[in-house]
Amino acid sequence: MRVLVAFDKFKDALSAEAACAAAAPAIAAKHPDWSIDLCPLTDGGEGFAVTLTRALGGSLETLEVAGPRRGPATAAFGLVSPTALPDDARAMLKLEPGRHNCIAIADLASTSGLALLPLSDRNPWETTTLGAGQLLAELSRRVDGIVLGIGGSATNDLGCGALSALGVRFLDAFGTPLDPPTPKTWVDLARLEGRPTVAPLAIACDVVNPLLGPSGATAIFGPQKGLPASDVRRLDALAGRVADSMCGHFGQAVARAGEKGMGAAGGFSFGLAISAGAKLLPGFDFVAACLGLNRRLAAADLVVTGEGRFDATSLAGKAPGTLSARARRLGKTAHIFAGSLGVSADRVHHPITPEGMPLAAALPRTAELLQAAIAREL
């Protein structure tokens, strides 16, 4: 029996690599004759740069930038030769042979991520993507192209913070720059100046939400980032006004706000697409190509995957949900282990947290609970 062990992160507890490393000995102890293929996953959020850079044999570096509330953050990024990319990954990026010497792989989570903030500091009125712009500016001086995963953001600023670090000025009626242009300051925005300077940018994302409205960035993701429900309509309306100003300044149709994916990462994809021509690419497909996941899935008899919480959103683009769906289409069983379930527990969906155990008690024991669940259910 060949088993593909492919976990995403258990947020605030285990990285994808740590989850796979915890699962492997539990599987081996119960099934010593099984062959185990470890494949840590990423959905474009935490670990995107590190996981893919390691898989592609690139070099990892770090850069100190402004975090989501302008405190210090350490952004990890990878430098990869285009020749290290599998053919299908190169095709997604539309890389021309001989014209690209180095590609950077980075993620928004390490500059502007929700996991960088305690619960008390999560407030999308005040968080910024400024650090993401600082990282993109540095990378643009060094590489021919950038792939940026944008999952796990703490922001709802339409990428304005990043654009302010890339040369765009957001000014009030007196010509004073909004520093940085967070949603809290948008009421004072009078005009924009300048255009961003950034290397060709591909945004890896599987979110299909538009920017505005009941299925947009603010309504769907704002509350997850600390936005009070009573503020959703007000912030969405302000975002619409800023989006109109940005479209006017950059010569784009306001209808672009309604395109699929423009609500990803609090509208970061929208801001960078209309101002810098950033291209959205299917995040899981890109990850799968870089990891050789389709080949490894085809070779497996069984799949073991999971993440911190598995629910309906996991089936709408997140890595474990997409992997399990692909496994089913190939007639393979996929066992899903999660800290908590938003779907019914059954023979393939397994909660690892004992009923009644508080989250604070479960988090430091995640590896132990995962191993116990595997021993019990697999």
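Among the listed residues A21, A6, identify the single one that is part of a strand (DSSP E or B) and of a type in the set (G, A, S).
A6
I'm checking my understanding of the structure. Among residues of the range 261-285 that are over 18 Å from L136 (Cβ atoms) and part of a helix (DSSP H, G or I), which one is least open to solvent (accessible area, probe 1.4 Å)?
F284
So which strands (runs of 3 or more DSSP E) are wholly in the range 159-260 and hold at least 1 residues that are surrounded by fewer than 17 Cβ atoms within 10 Å (Cβ to Cβ)?
169-171, 191-193
If we scan the range 141-154, do we find a residue that is under 13 Å from T197 (Cα atoms), small (G, A, S) and open to solvent by 20 Å² or more (accessible area, probe 1.4 Å)?
Within the range 141-154, not a single residue is under 13 Å from T197 (Cα atoms), small (G, A, S) and open to solvent by 20 Å² or more (accessible area, probe 1.4 Å).
Per-residue answers, yes or no, for (1) in contact with a helix residue (DSSP H, G or I) (Cβ under 6 Å, 6 or more places away or on another chain); (2) open to solvent by less than 30 Å² (accessible area, probe 1.4 Å); (3) assigned to a helix (DSSP H, G or I):
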| site | (1), (2), (3) |
| --- | --- |
| M92 | yes, no, yes |
| S120 | no, no, yes |
| P124 | yes, yes, no |
| T128 | yes, yes, no |
| L136 | no, yes, yes |
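Quick one: in the range 33-45, of everything that is under 9 Å from G149 (Cβ atoms) and of a type outside the set (V, I, T), which residue is most open to solvent (accessible area, probe 1.4 Å)?
D43
Across the range 72-90, what is the total count of residues that are within 15 Å of L108 (Cα to Cα) and open to solvent by 20 Å² or more (accessible area, probe 1.4 Å)?
3
Answer yes or no as to whether T111 is touching a residue at least 24 places away in the same chain (Cβ under 8 Å), β-branched (V, I, T) and either buried (at least 16 other Cβ atoms within 10 Å of the Cβ) or part of a loop (DSSP other than H, G, I, E, B) (or both).
Judged against the criteria, T111 is a match.
When residues of the range 24-46 are filtered for being outside any loop (DSSP other than H, G, I, E, B) and hydroxyl-bearing (S, T, Y), how many remain?
1
The values are calculated or read from the model by the stated rules, or taken from the named source; none is laboratory data. These figures come from a predicted structure and were not determined experimentally. Ideal geometry is used to build each Cβ from the backbone, glycine not excepted, and the neighbour counts take in all protein chains shown. Keep in mind that these areas ignore ligands, DNA and RNA; they rest on the heavy atoms of the full protein, side chains included. Shrake-Rupley method; radii C 1.70, N 1.55, O 1.52, S 1.80 Å.
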